[in-house]
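The values are calculated or read from the model by the stated rules, or taken from the named source; none is laboratory data. The model shown is predicted, which means the values in this text are computed figures rather than measured ones. Cβ placement follows ideal geometry from the backbone for every residue including glycine, while neighbour counts extend to all protein chains displayed.
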Amino acid sequence: MKKKFAISPYLFILPSFTLIAVFFYYPVFYALGSSFTDLRLGYEAKFVGLANYKKLLTDVVFFKSLINQLILTITDVVKNLFFPLLAAEILYFIRNKNTEKRMKTLFILPMLVPSLVIILMWKYIYDPSGALNSLLDLCGLGSLKHTWFREIETALGAVIGIGFPFISGLYFLIFHASVSAIPKELNEAANIDGCKSLQLVRFVHIPLVVPYMAVVVILTVINSLQNYVTILVTTNGGPGYATYIPALLMFKVAFDASDIGYASSMGVVLFVTIMGLTLATMKLSKMAKNY
């Protein structure tokens, strides 16, 4: 007997798919189409083919922003892999359950604070008369003082330092869940074989959390390539172009220079980059898991 097609379930999800299509898929295809035009605010768009992409190949500022982005992305991946995993492992070896719960709460609590508040706090810390320079004075290290966000040599490093000790609540929860999900039998067997704490982490925990590491890497790369708010609020890309990244450059080209077509070509390049890195990370994660 042929099954009757039920349309009602699709009607329930239709509003969600409609909103996704309007606010996610349409902008993607619109940006792709605009990247082949000279679209500017207030002017009629004309088709220019690959002219915007050719311009990108000779744009010194764009290449500088790519180098900055590479540095920031690599450091973000290292920070979000090492420090949250370290915190999760420390929590695992705490035997007192009440202490473990309290520490877990302390690690998660910063998630309640809006990210903009944290960025502004670090902007004050790096201020010439802020907490960092004051601390250096107290330690007798006044010679190390800088105007951190205003010097080419220190601006990018100061941006990288924002968020110390780099224990993101989300990534901490991912690693904490992964470590907690490891069967107790494996840990007990490793202890019987004489594994010390570091050996247990190296030979038992880390191989089993590789899939979770892949998730963290993917989320970090996407966030790093898309997020320009931190730099916009702290350095605004300066001094000069020392802290420019592609997302910030795209924002400025689109809304300061009103060159929507050129900004769209940057957006397409970012989209392809994110997609490529995501697929590569998933592939490497699968290879590591099989190995």
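Structural remarks
- For the range 227-243, the criterion of being of a type outside the set (S, T, Y), out of contact with any His (no Cβ under 6 Å at 6 or more places or on another chain) and closer than 25 Å to F29 by Cβ is met by at least one residue.
- Out of A214, A254, sole residue that is within 30 Å of T37 (Cβ to Cβ) and surrounded by 16 or more Cβ atoms within 10 Å (Cβ to Cβ): A254
- S8 being surrounded by 10 or more Cβ atoms within 10 Å (Cβ to Cβ), farther than 30 Å from L106 by Cβ and polar (S, T, N, Q): no
- Residues in the range 224-253 that are modelled with pLDDT of 90 or more, in a helix (DSSP H, G or I), under 30 Å from L50 (Cβ atoms) and not basic (K, R): S224, I231, L232, P246, A247, L248, L249, M250, F251, V253.
- Of the residues in the range 171-181, at least one is closer than 28 Å to T243 by Cβ and either among the aromatic types (F, W, Y) or modelled with pLDDT of 90 or more (or both).
- Looking only at residues of the range 123-159 that are surrounded by 15 or more Cβ atoms within 10 Å (Cβ to Cβ) and under 18 Å from the mean Cα position of the chain (by Cα), we find that the one that is nearest to L66 (Cα to Cα) is L156.
- Among helices (runs of 4 or more DSSP H) entirely within the range 59-141, having at least 2 residues that are in contact (Cβ under 8 Å) with a residue 60 or more places away in the chain singles out 60-92, 97-108, 115-125.
- Single condition T147 does not satisfy, out of (1) farther than 20 Å from V78 by Cα; (2) touching a helix residue (DSSP H, G or I) at 6+ places or on another chain (Cβ under 7 Å); (3) β-branched (V, I, T); (4) modelled with pLDDT of 85 or more: (2)
- Filter pass, G42 being free of Cβ contacts under 8 Å to residues at least 40 places away in the same chain, on the phi > 0 side of the Ramachandran plot and loosely packed, with under 12 Cβ neighbours inside 10 Å: no
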